[in-house]
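Colleague: Mind having a look at this structure? Questions to follow.
The values are calculated or read from the model by the stated rules, or taken from the named source; none is laboratory data. Given the structure is predicted, the values throughout are model-derived calculations rather than measurements. Cβ sites come from the backbone with ideal geometry, for glycine too, and all protein chains shown count toward neighbours. Calculation scope for accessible area: heavy atoms of the full protein, side chains included, ligands and nucleic acids excluded. Shrake-Rupley method; radii C 1.70, N 1.55, O 1.52, S 1.80 Å.
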Amino acid sequence: MGVYFNPGNGSFTEDKNSQIYVDKTELLKFLNKRLKTNGKCIAVSHARRFGKSHAAGMIDAYYSLGSDSSKLFEDTKIASDPDYEKYRNKYNVIHLDISSFFDDYKVNLIEKIVEYIYDDITDELGDTLDYKKKLSYVLMKIYEKTEIPFVIIIDEWDCVIRNSNDQALVHKYLQFLHSLFKSEESKSFLALGYITGILPIKKIKDESALNNFQEYTMLDSYPITEYYGFTEDEVKELCQKYDMDFETMMAWYNGYLIDGMHMYNPNSVSRALERHKVDSYWRNTSAFGTINTFITMNYARLKEDVLAMLTGEKVMVNTNTFQNDFSMIASKS
């Protein structure tokens, strides 16, 4: 069991042991159908605190050879699926949180990611591989030796895109992702690619590293909408259990209509239930400075529109104009 290569099930264990836990394991049923298909690369771009990292930990626990999660899943929805045992703990898994690497290694990011993965692989498989080769080649060789395919999970994949002005680093990073998910080597070893972030992956200038991913966003995430956030029925059930008024909860947190489903931010709902008090728990989940710069510039009367919305007016926005960074602003939408 490693940290990055074949991680254990600690993350999902903590989630299940939490005071408030809502079973989202049927997401795994959806993913199982994508294994080793042309739809095996999946990108989920949702708002912060919407259950993306929870899902990543659950995927670790289910697929990774680094643990036996039979007890952990025995009372969950996925356990009743006919294919449940077929895929449980049968895969080599690599799990990366790019933000944790970017915090410490902004210049040699890729080299450090590969170094840490190789350290884990060496601990498990020894020095039988040529670790001077690129990562995708080594993973291909592991697959050839073991005939066990890989599930690769990358959390906060867009951290570099959002935070770096170093275009050489961005290009190098995207080429690294290309080698994991779209290279000739990956065609042999990759069973499932799962990346999460805040921003969509489309239109990263003229890069094509991730154009083989099927994307599920806050605007369009069918058929997995219900697995990110709490559904209205789930919130009603939680309110009844914790003696909270559902109408009040709805007034505060019913802020998302995704594919016709009213989805609630799980972090806000959970904290309200735990503290038995509604509040704006989302206010400190991300920095406001970047967006505030563009609001105060009042580009195309953007500031006036924001103020109008705060007073209850409606402003039409074309969400299809959104790219994935703040370096190129083409419209106030």
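Colleague: Among the helices (runs of 4 or more DSSP H) contained in the stretch 238-333, which hold 2 or more residues that are at pLDDT below 75?
Modeller: On the way: elements: 246-253, 266-275, 289-297, 302-310.
So the answer is 289-297.
Colleague: Tell me, which strands (runs of 3 or more DSSP E) lie completely within the stretch 143-227 with 3 or more residues that are surrounded by 21 or more Cβ atoms within 10 Å (Cβ to Cβ) and either touching a Ser or Thr at 6+ places or on another chain (Cβ under 6 Å) or among the aliphatic types (A, V, I, L, M) (or both)?
Modeller: Filter on the stretch 143-227 gives 150-155, 190-197.
Colleague: Let me ask you something else. Between residues in the stretch 98-113 that are under 13 Å from Asn163 (Cβ atoms) and residues that are not in a helix (DSSP H, G or I), which pairs lie under 6 Å by C-beta distance while being six or more apart or on different chains?
Modeller: Ile98/Glu156; Ile98/Trp157; Ser99/Glu156
Colleague: Further question: Would you say Asp130 is under 30 Å from Asn254 (Cα atoms) and either over 22 Å from the mean Cα position of the chain (by Cα) or at pLDDT below 95 (or both)? Steps first, please.
Modeller: Numbers: under 30 Å from Asn254 (Cα atoms): no; either over 22 Å from the mean Cα position of the chain (by Cα) or at pLDDT below 95 (or both): yes.
When the stated conditions are applied, Asp130 does not pass them.
Colleague: Taking the options Gly66, Gly51, Gly57, name whichever one is at positive phi and either open to solvent by less than 50 Å² (accessible area, probe 1.4 Å) or within 23 Å of the chain's Cα centre (by Cα) (or both). Full working, then the answer.
Modeller: Working: Gly66 fails: at positive phi; Gly57 fails: at positive phi.
Checking each option against the conditions leaves just Gly51.
Colleague: Could you identify the single residue in Asn89, Asn108 that is in contact with a Phe, Trp or Tyr (Cβ under 8 Å, 6 or more places away or on another chain) and among the polar types (S, T, N, Q)? Break it down stepwise before answering.
Modeller: Values: Asn108 fails: in contact with a Phe, Trp or Tyr (Cβ under 8 Å, 6 or more places away or on another chain).
Being in contact with a Phe, Trp or Tyr (Cβ under 8 Å, 6 or more places away or on another chain) and among the polar types (S, T, N, Q) holds for just one of Asn89, Asn108, which is Asn89.
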